[in-house]
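Novice: My questions will all concern the structure given below.
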Amino acid sequence: MTSAIHAILVGINDYEDAAFSPLKHSVDDARKIKNLLLQDLGADEGSIRVLENSDATKDGIMEALQSISTRAERNDAIVFFFSGYAALSDENDSEQQVGFLCPYDAQSSGGLSDKSLLRTFELLSKQCGNNITVFLDTSGDALKWENPPSCVVIYPNQASEDDHGGLFTSAITEVLQIQCSKFDSIALTVEAFAERVESIIQATKGDEVVVRCTGWNIDRPLFNSEGDQGHYALIPGYTQKDGGIILKAGAAHNVKSGSIYRIFKRNIMLEDGFGELPGQKLRADVVKGFTAELSFINETATKLPPFFYAVEDPSIDAKIASAESNVLNGIYKPTPESKEEEADLTLVEAEGKIRYIWKGLDNDIKITDRKDLGLQRKTNCELTMKRSNTNLKKPTLSQWASKRITVLVKYGINEDSEENNSREGDNDEPPYTEGEEDGQEQEGGNGNEE
């Protein structure tokens, strides 16, 4: 578990060069983030450093970032916040332009380029782990982050503010104050956090402001390198001010009109699971390209939270038998569990591997077109097996099996059929076995399961 949080917070209202028009709220924004870390997230004041105006020189910012390595333990949370100007270099060729953040002395010493910042975060991650979160309350599109492995970067495509400060900073504060009481228990992935920040800003500014997030680890909990990834099957959704319910998936994601969805509070598992809302089910009424409009299937359902997650309710129930009960814990938990002789699917574990024995269901739809069958299998494998090569704790054999069950239950794929076993190039072995340590690759593999 993450044990501490370290932060470098930069706010610049007044620049050394008069060519920079003074900003009104950047210093206050940095102070807001400091108060948030101290009062709401339980950070230690000695681990937070605020650089304001003339203190926020290029050398001052770089020295502050580099100094974290002398006091941070591995996998501590590291936060870099910047509120000020960002700019592009003067090259005529857009491909040659370099984006940079503008420190106080940008005119005399040059800016902090995206490449130099990424090199700094890369060195810091090698010493302290890649639990590094970068917040930029500026026009972040000026910089090219290119999905860095060392950190996650969250920023708006354009800077915007009201009389109370930067809208991005205000939204960050609002989401975190609602979501958590301590930084190492935030039940939000980085990506989900960015989506909520964006929704708050767009309620004021409309769709012109887009909040972006990038980095290898945007699917893990914010400020927590050791937490579980967000569950791949849970689709984000939100409620509109007029009462409309929107699912962030549509026809392009194979959402069908009339499909029924179960509702959850989050996509990260805690002690009470994913926080399913009992009795709350939604139906897809209007399906568009990338979104769908939902409605309650019963009139007694209560109000939804502003943000939620949904998963399609399986159209069939499968009886699954396994000697190890925790293998059956997943989003599509089979009902009911049964004895082997009664099961549609039996799981047998031997020598660190799991074998699936599928007997089929009475109402199985038989697919005769081999082309369609291959496409369906490919899609299912992508849903269950795709994992990026990150530093996250690797899943146990039981967790891996649970993900495979999800697809078997939902689609009724015959994993033990002669056709399935003859697929050229398909590796049906689990990516990891019980007892493997983090960072150890499966024998003969390259660390990427796709």
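Conditions (1) crowded, with 21+ Cβ neighbours inside 10 Å; (2) assigned by TED's automatic domain parsing to the domain that holds Gln177; (3) under 18 Å from Phe121 (Cα atoms), marked per residue:
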residue: Asp17; (1), (2), (3): no, yes, no
residue: Phe20; (1), (2), (3): no, yes, no
residue: Ile33; (1), (2), (3): yes, yes, no
residue: Glu45; (1), (2), (3): no, yes, no
residue: Ile48; (1), (2), (3): no, yes, yes
residue: Asp59; (1), (2), (3): no, yes, yes
residue: Met62; (1), (2), (3): no, yes, yes
residue: Gln66; (1), (2), (3): no, yes, yes
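Novice: For the stretch 16-125, list the helices (runs of 4 or more DSSP H) that sit wholly inside it and hold at least 1 residues that are at pLDDT 95 or above; which are they?
Specialist: In the stretch 16-125, 26-35, 58-67 are the helices (runs of 4 or more DSSP H) which contain 1 or more residues that are at pLDDT 95 or above.
Novice: Another question, then. Restricting to the stretch 246-272, and then to whatever is in contact with a Phe, Trp or Tyr (Cβ under 8 Å, 6 or more places away or on another chain) and in a strand (DSSP E or B), can you tell me which residue is nearest to Thr189 (Cα to Cα)?
Specialist: Residue satisfying both the conditions and the ranking: Phe264.
Novice: Return yes when Thr133 is part of a strand (DSSP E or B) and closer than 25 Å to Glu73 by Cβ and no when it is not.
Specialist: Numbers: part of a strand (DSSP E or B): yes; closer than 25 Å to Glu73 by Cβ: yes.
Considered against the rule, which asks whether it is part of a strand (DSSP E or B) and closer than 25 Å to Glu73 by Cβ, Thr133 comes out as yes.
Novice: Let me ask something else. Quick check on my filter: what residues within the stretch 107-150 are over 19 Å from the mean Cα position of the chain (by Cα) and of a type in the set (A, V, I, L, M, F, W, C)?
Specialist: Listed by number, the residues that qualify are Leu112, Leu117, Leu118, Phe121, Leu123, Leu124, Cys128, Ala142, Leu143.
Novice: Here's another thing I want to ask about it. What strands (runs of 3 or more DSSP E) completely inside the stretch 298-367 contain at least 3 residues that are at pLDDT 60 or above and closer than 26 Å to Tyr261 by Cβ?
Specialist: In the stretch 298-367, the matching strands (runs of 3 or more DSSP E) lie at 307-312.
Each row is one residue, and each column tells you yes or no for (1) touching a strand residue (DSSP E or B) at 6+ places or on another chain (Cβ under 8 Å); (2) among the aromatic types (Phe, Trp, Tyr); (3) farther than 30 Å from Leu277 by Cα.
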site	(1), (2), (3)
Val134	yes, no, yes
Trp145	yes, yes, yes
Asn157	yes, no, yes
Gly166	yes, no, yes
Val211	yes, no, no
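Novice: Could you list, ordered by first residue, the pairs with Cβ atoms under 6 Å in which the first is in the stretch 163-174 and in contact (Cβ under 8 Å) with a residue 12 or more places away in the chain and under 11 Å from Val209 (Cβ atoms) and the second is aliphatic (A, V, I, L, M) and outside any strand (DSSP E or B), at least 6 apart or interchain?
Specialist: Filtered contacts from the stretch 163-174: Leu167/Ile201; Ala171/Val197; Ala171/Ile200; Ala171/Ile201.
Novice: Based on what the data block shows, is Thr239 among the β-branched types (Val, Ile, Thr), closer than 15 Å to Lys265 by Cα, out of contact with any helix residue (DSSP H, G or I) (no Cβ under 7 Å at 6 or more places or on another chain) and not assigned by TED's automatic domain parsing to the domain that holds Ile260?
Specialist: The answer is no for Thr239.
Novice: Let me ask something else about it. Part of a loop (DSSP other than H, G, I, E, B), at pLDDT 85 or above, over 18 Å from Phe307 (Cβ atoms) and under 14 Å from the mean Cα position of the chain (by Cα) - does that describe any residue in the stretch 151-168?
Specialist: Yes: the stretch 151-168 contains one or more residues that are part of a loop (DSSP other than H, G, I, E, B), at pLDDT 85 or above, over 18 Å from Phe307 (Cβ atoms) and under 14 Å from the mean Cα position of the chain (by Cα).
Yes/no per residue for (1) polar (S, T, N, Q); (2) closer than 19 Å to Phe264 by Cβ; (3) part of a helix (DSSP H, G or I); (4) assigned by TED's automatic domain parsing to the domain that holds Cys128:
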{"site": "Ala192", "(1), (2), (3), (4)": "no, yes, yes, yes"}
{"site": "Glu195", "(1), (2), (3), (4)": "no, yes, yes, yes"}
{"site": "Glu198", "(1), (2), (3), (4)": "no, no, yes, yes"}
{"site": "Thr204", "(1), (2), (3), (4)": "yes, no, yes, yes"}
{"site": "Asp207", "(1), (2), (3), (4)": "no, no, yes, yes"}
{"site": "Asp219", "(1), (2), (3), (4)": "no, yes, no, no"}
{"site": "Phe223", "(1), (2), (3), (4)": "no, no, no, no"}
{"site": "Glu226", "(1), (2), (3), (4)": "no, no, no, no"}
{"site": "Gln229", "(1), (2), (3), (4)": "yes, yes, no, no"}
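Novice: Here are the criteria: (1) within 15 Å of Ala7 (Cβ to Cβ); (2) among the small types (Gly, Ala, Ser); (3) under 29 Å from the mean Cα position of the chain (by Cα). Tell me which single one Ala56 does not satisfy.
Specialist: All conditions pass for Ala56, except number (3).
Novice: Restricting to the stretch 181-204, what's the tally of residues that are at pLDDT below 80 and either more than 25 Å from Asp44 (Cβ to Cβ) or charged (D, E, K, R) (or both)?
Specialist: Here the count works out to 3.
The values are calculated or read from the model by the stated rules, or taken from the named source; none is laboratory data. Predicted, not measured: the structure shown is a model, and the values here were computed from it. So basically every Cβ, Gly included, is an ideal-geometry build from the backbone, and we count neighbours across all protein chains shown.
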